[in-house]
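Reviewing the structure listed below.
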Amino acid sequence: MTVEVPLPGGTANRGRVHRVGDTVRRPWRPTSTATHALLRHLEHVGFDGAPRALGTDGAGREVLSYVPGQAVIAPAPAWGLTDAALASVGRLLRRFHDATAGFDPSPYPWSHPAPAPFDGGGIAHNDPNLDNIVFRDGRAVALIDFDLAGPGNAVWDVAAAARLWAPLRAPADISDVRHGRELLRLRIFVDAYGLDETGRAEFVTALRASHEWMREIVRDGAERGVPGFVQYWTPEAAARAARTREWIDRNADAITEALR
């Protein structure tokens, strides 16, 4: 018999993603055609930092290759919070953006394209959370979970990743070794990525917009009864999102200064 092993992490598809041998089975979505086109492009250009699209199975689920390694699943292990791990995420994200440069997203439907003015000029992963990046030997080697991927420019994706990994949020909501080092880690991340001067000038605007964009996706999912979002979007989660927005507003100048 084929053994299906549930994979941890995720929100929208929590409990619905399984490993079967060297493959991963996930629910087919209206935008899976777009995701598979993107993954095939990445394979064609030789980018090794993403799963391969393998079609569908008899249950109508999408089939992807399994990427061996470890993700930073809560409670975060110490190796996932080092500055070296952070820098490796920046380098991986840059390689992803470089690899998608020749991909045309226009023929496909995407779930949540980035808003203007961040909606052109590339493809964004859009959800580079700690549990959506695979590590080996403490180094980020692959992005997974492309459900939210879509048209979006580099600074939009960089801002989302930095918000999650630095992290850029109220100190009261950081209880691990990253506490008090948010702006230093931000600089480590954008330097490892190689964000240009234009991107650094646009960063705070992208950070605010990205935070609100993701908050609205989660809130809307909870209202529509998506189980993972319902479980996540508690009153405390809503309050935490508000504290993050307030912290970004209060520290906009300090964030900009940290990027110079």
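Matching residues to (1) assigned to a strand (DSSP E or B); (2) closer than 27 Å to His112 by Cα:
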| position | (1), (2) |
| --- | --- |
| Gly46 | no, yes |
| Gly49 | no, yes |
| Gly58 | no, no |
| Val63 | yes, yes |
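Screening Asp83 against (1) outside the structural domain of Leu183 (by TED's automatic domain parsing); (2) closer than 26 Å to Gly138 by Cβ; (3) charged (D, E, K, R) leaves a single unmet condition, (1). Right, Leu93: part of a helix (DSSP H, G or I), in contact (Cβ under 8 Å) with a residue 60 or more places away in the chain and either touching a His at 6+ places or on another chain (Cβ under 9 Å) or outside the structural domain of Trp165 (by TED's automatic domain parsing) (or both) or not? So Leu93 passes the test. Considering only residues in region 2-57 that are of a type in the set (Asp, Glu) and free of Cβ contacts under 8 Å to residues at least 60 places away in the same chain, the one that is nearest to Pro105 (Cα to Cα) turns out to be Glu43. Only residues that are in a loop (DSSP other than H, G, I, E, B) and either under 14 Å from the mean Cα position of the chain (by Cα) or not small (Gly, Ala, Ser) (or both) were counted in region 96-113, giving 10.
Would you confirm whether any residue within region 67-88 is touching a strand residue (DSSP E or B) at 6+ places or on another chain (Cβ under 6 Å) and assigned to a loop (DSSP other than H, G, I, E, B)? So far as region 67-88 goes, yes, one or more of its residues are touching a strand residue (DSSP E or B) at 6+ places or on another chain (Cβ under 6 Å) and assigned to a loop (DSSP other than H, G, I, E, B).
Assessment of region 114-122 against the conditions (assigned to a helix (DSSP H, G or I), aromatic (Phe, Trp, Tyr), touching a residue at least 24 places away in the same chain (Cβ under 8 Å) and more than 30 Å from Asp22 (Cα to Cα)) yields no matching residue. Residues that are in contact (Cβ under 8 Å) with a residue 60 or more places away in the chain and assigned to a loop (DSSP other than H, G, I, E, B) were ranked within region 167-194; the one that is farthest from Ala237 (Cα to Cα) is Gly194.
The values are calculated or read from the model by the stated rules, or taken from the named source; none is laboratory data. Quick caveat: nothing in here was measured; it's all calculated off a predicted structure. Backbone-built Cβ (ideal geometry, glycine too); neighbour counts: all protein chains shown.
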